[in-house]
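Where a number appears in this text, it was derived from the coordinates with a stated rule and is not lab data. Only a predicted model underlies this, so the values are computations on that prediction, with no experimental measurement involved. As a convention, Cβ positions derive from the backbone with ideal geometry for all residues, glycine included, and neighbour counts pool all protein chains shown.
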């Protein structure tokens, strides 16, 4: 059994009703069983490519205590990304390298490591006091291992009344501060994780996971898309990016950014963008419900999460005007959480790390924007389409301009020139 061939379990995975029922009975210490009206629904279609997110309603029979009426099963599979890549390859008339047998084997190893890292992350997060951050209740987690090669999954609480705010929308400065406080709590708590336990997280995420997003054939499609948008408004910037891409994407420098700047490594989310941030609406405001998807959780440089989150969630104008003020706000939260212990880095080190990581961090948001343009164009509501397009164009234009600005600054640093 492997993750890239269909199984006989739920939604072609290898995980069956029996697996999930036995785990829930064991973890909840109940003799209640799933009933004849049990149901399962794929609620993650289009929002993630490494897992199936299934909503399960178990129809409990012979209940002996209060049990969850519904819960989520996050099941690792390669089938989701195969489906997407096949569609993209057919539409673009290009080879589908995700269908290459050698690639599928290699990618399976990466997926398993990512899943196991998420299990490790949740094992840590659920120990943090609930008054500090909200983490969905975890019922059961199964890591991949030699004795369990195909059934990696997490059974967790279903959060009601939540929503994601897409990349073609913006969030407010006030809402960003809620995310910053959440991150500060996680970072501060991670300083207590012993060195030997840190091996359970992803090692060198930019080399192992993000490398595939930065391959030339993926980026060529993105450059083409920018040429076709808004009468070629972004064509010149896209051409310039293509010229400097190999110089700009220095993976080794990114992986060692903490050491270069003398910062202590802290626990990073690793994939902090719009779709991994869940909100609850209250009138006209949103309040943070939870951060999810810790598959790329790793010990690294904190600026990597902040650059990606600011680039994906804020308007270009707000990001440019407030990034320093927001880093100062975050650092204040971190100081509160760290208390009398030694801080892992200084505010100036954090700001410098932000500047240095910006070109690559923002670059990693760009491939995520591409498919969303297609999504916006398919919207039948012309007024909404126009509004979304204006939002995403403003955000993209500012990201691309600032990538070039900070890249030129990085080049000067490499040459040993003085910078301000």
| query | Using the alpha-carbon atoms, what tilt in degrees (0 to 90, nearest 10) does helix 303-313 show relative to the longest principal axis of the chain? | reply | 90 degrees
| message | What do you get for the angle between helix 79-92 and the principal long axis of the chain? Use alpha-carbon atoms, 0 to 90 degrees, nearest ten. | response | 40 degrees
| message | With an 8 Å Cα cut-off and a minimum separation of 6 or more residues, compute the relative contact order for the stretch 215-326 in percent. | response | 21 percent
| said: Can you tell me the length gained on complete extension of the stretch residue 245 to residue 328, counting 0.36 nm per residue apart and subtracting the Cα distance? | reply: 26.8 nm
| remark: A student applying the Cα gyration tensor rule (rounded when a/c is under 1.5; otherwise prolate if a/b is larger than b/c, oblate if not) would label the chain prolate
| task | Before anything else, pin down the relative contact order of the stretch 1-158: Cα pairs under 8 Å, at least 6 apart, normalised by residue count, whole percent. | result | 23 percent
| remark: With a Förster distance of 41 angstrom and the Cβ-Cβ distance between residue 195 and residue 27, calculated FRET efficiency to the nearest 0.05 equals 0.85
| field | Per-residue [θ]222 nm for the chain (sum of -39500 (n - 2.57) over DSSP H runs n ≥ 4, rounded to 500) | value | -16000 deg cm²/dmol
| Principal-axis tilt of helix 173-190 within the chain, Cα atoms, nearest 10 degrees | 70 degrees
| Sites residue 317 and residue 83 - FRET efficiency at Förster radius 35 Å, r taken between beta-carbons, to 0.05 | 0.40
| Tell me, what is the FRET efficiency for residue 158 and residue 411 to the nearest 0.05, using R0 = 45 angstrom and their Cβ-Cβ distance as r? | 0.40
| task | State, as an integer percentage, the relative contact order of the chain based on alpha-carbon contacts under 8 Å between residues 6 or more apart. | result | 15 percent
| query | Is the shape of the stretch 281-420 rounded, prolate or oblate, going by the alpha carbon gyration tensor and its root eigenvalues a ≥ b ≥ c, with a/c under 1.5 for rounded and a/b larger than b/c for prolate? | reply | oblate
| request: For the stretch 1-87, just say rounded, prolate or oblate: build the C-alpha gyration tensor, square-root its eigenvalues into a ≥ b ≥ c, call rounded for a/c under 1.5, and beyond that prolate if a/b exceeds b/c, oblate if not. | output: prolate
| note | By the mean-Cβ-within-10 Å protection proxy, highest first, 184-190, 266-272, 168-174 rank as 266-272, 184-190, 168-174
| Any idea how far apart residue 203 and residue 39 come out in nm if each label point goes 7 Å out from Cα toward Cβ? | 4.6 nm
